[in-house]
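Shown next, in structure tokens, is the structure this report addresses.
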Amino acid sequence: MAAVDPGPDRPGTVRPAAPRLPSPVRLLLWLLVATAAATVVVDLLNWQYAAEHDFGMAVRSGWTLLRTLGFLVLVWQVRRGRASARPFGLILAVTTVFAVGRLIVPRTGVPPLPGIAGFCLLAGLCLAVVWLLYRSTTVGGHLVRYSARLVRDGRGLAWREAPPKRPPVAGGLLVARVSAFTYPPLMLVPALVSVEVLLDGRLVATPVVLGWFAAALATSYLVLLVSFFMLRGSRWARGLLVVVSLGVLAVDLPLCWWLLGVDGLIRDGVPLVVAVVLAFYGVWRAGRAERAVVDSAADAP
């Protein structure tokens with residue numbers, strides 16, 4: 001007679017223990033927690049040693065603190081083994097370095113020594129995170145799971161992990177997609193900082209600042225639309241992403257220079273330029289991978 005399964009709710013049933021995560025994955029999780037904590041500590045140090053605590057400093061400091069939540073989300077993704085953790089971690093690490101770096105540099109003089117030491121520590125942690133995400137084969141083999149979604153099977157509807165219906169997505173396109181999603185917040189931060197310009201009496205710039213906010217909002221919808229088609233293999237969407245990226249630079253950089261000066265252009269414009277470069281790199285890498293597949297198929301007997 002076959003043994004009867006007592007079921008999970010019956011007394012005496014022992015649930016199987018969850019498999020232990022590999023050592024590189026556990027190391028990555030600890031590094032992410034340490035990076036989140038270091039982001040908070042370095043941001044508070046920069047605030048303490050800042051020569052002036054104006055509205056712009058408060059906005060940029062608050063945006064840096066929000067990145068702590070990003071690292072906690074990344075911890076959740078890594079524990080779940082989500083494939084999206086790689087591009088998300090890359091963009092988060094790179095933009096965090098620039099977000100913190102723009103805070104330690106004063107308008108005049110040299111940065112304080114505690115700020116420099118904290119920035120070097122945070123940059124080293126971010127570099128270690130990126131290295132483990134992209135160079136560790138164990139971590140790469142762990143980050144392969146899909147998101148859960150509603151699927152229909154022989155027993156009806158069920159909410160479980162399932163591969164998406166779209167064709168497999170190249171890693172470069174994921175990097176480009178995540179990079180493009182950073183455009184709107186990277187535009188909103190200097191737009192918020194420019195409100196201080198209006199408070200100082202330059203009310204003539206009010207329509208420009210409002211247009212800046214509108215451009216950031218429109219960019220969020222454009223990026224969402226472009227990424228939807230880009231991940232489904234539409235080549236025209238990649239070209240449109242390049243056009244949107246150039247348009248974002250054409251709007252953001254001149255406004256940073258006009259309303260915030262050279263200091264704002266460096267602090268707020270450079271992180272956006274880095275995000276655009278990463279998006280271009282992702283598109284180029286995806287195209288190169290596709291050409292390699294076509295060439296190998298043509299060379300096959």
Checklist entry - Can you tell me which residues in the range 104-119 are open to solvent by 20 Å² or more (accessible area, probe 1.4 Å) and farther than 17 Å from Val262 by Cβ? => result Val110, Pro111, Pro112, Leu113, Pro114, Ile116, Ala117, Phe119
Checklist entry - Between a first residue in the range 244-269 that is modelled with pLDDT of 95 or more and a second residue that is open to solvent by 50 Å² or more (accessible area, probe 1.4 Å) and not hydrophobic (A, V, I, L, M, F, W, C), which pairs have beta carbons less than 6 Å apart while being 6 or more apart in sequence or on different chains? => result none
Checklist outcome for this item: Counted residues in the range 93-145 being within 16 Å of the chain's Cα centre (by Cα), among the aliphatic types (A, V, I, L, M) and under 17 Å from Val274 (Cβ atoms) come to 9
Checklist entry - In this structure, does Gly282 turn out to be more than 30 Å from Arg107 (Cα to Cα) and surrounded by 15 or more Cβ atoms within 10 Å (Cβ to Cβ)? => result yes
Checklist outcome for this item: Given (1) open to solvent by 40 Å² or more (accessible area, probe 1.4 Å); (2) in contact with a helix residue (DSSP H, G or I) (Cβ under 7 Å, 6 or more places away or on another chain), Ala128 misses just (1)
Checklist outcome for this item: Of the conditions (1) closer than 22 Å to Gly140 by Cα; (2) touching a Gly at 6+ places or on another chain (Cβ under 8 Å); (3) surrounded by fewer than 22 Cβ atoms within 10 Å (Cβ to Cβ); (4) among the hydrophobic types (A, V, I, L, M, F, W, C), the single one that Val33 does not satisfy is (2)
Next on the checklist: Restricting to the range 49-60, and then to whatever is at pLDDT below 85, assigned to a helix (DSSP H, G or I) and not hydrophobic (A, V, I, L, M, F, W, C), can you tell me which residue is surrounded by the fewest Cβ atoms within 10 Å (Cβ to Cβ)?
Outcome noted: Tyr49
Checklist entry - at pLDDT 80 or above and surrounded by 15 or more Cβ atoms within 10 Å (Cβ to Cβ), is that true of Pro24? => result yes
Checklist entry - Given the residues Thr219, Thr206, which is the only one that is within 30 Å of Thr108 (Cβ to Cβ), free of Cβ contacts under 8 Å to residues at least 40 places away in the same chain and among the polar types (S, T, N, Q)? => result Thr206
Item to check | Residue match in the range 87-103 (condition: crowded, with 16+ Cβ neighbours inside 10 Å and without any contact (Cβ under 8 Å) to a residue 24 or more places away in the chain) | outcome: yes
Next on the checklist: Looking at Leu45, Leu69 in this structure, which one is among the hydrophobic types (A, V, I, L, M, F, W, C), modelled with pLDDT of 90 or more and assigned to a helix (DSSP H, G or I)?
Outcome noted: Leu69
Checklist entry - Can we say Leu122 is crowded, with 21+ Cβ neighbours inside 10 Å and farther than 27 Å from Val193 by Cβ? => result no
Item to check | Every pair of residues 6+ apart whose Cβ atoms lie under 8 Å, when the first sits in the range 20-39 and is over 16 Å from Val130 (Cβ atoms) while the second is β-branched (Val, Ile, Thr) and open to solvent by 40 Å² or more (accessible area, probe 1.4 Å) | outcome: Pro22/Thr138; Ser23/Thr138
Checklist outcome for this item: Filtering the range 197-207 for residues that are part of a helix (DSSP H, G or I) and either more than 10 Å from Leu259 (Cα to Cα) or open to solvent by 50 Å² or more (accessible area, probe 1.4 Å) (or both) leaves a count of 5
Checklist entry - Is it the case that some residue within the range 226-240 is free of Cβ contacts under 8 Å to residues at least 24 places away in the same chain, open to solvent by less than 30 Å² (accessible area, probe 1.4 Å) and under 22 Å from Pro87 (Cβ atoms)? => result yes
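The values are calculated or read from the model by the stated rules, or taken from the named source; none is laboratory data. Worth saying up front: this structure is predicted, and the values here are computed from it rather than measured. When we count neighbours, we look across all protein chains shown, and the Cβ atoms used for this are built from the backbone with ideal geometry, even at glycine. Just so you know, the surface numbers come from the protein's heavy atoms only, side chains and all, with ligands and any DNA or RNA stripped out. Shrake-Rupley method; radii C 1.70, N 1.55, O 1.52, S 1.80 Å.
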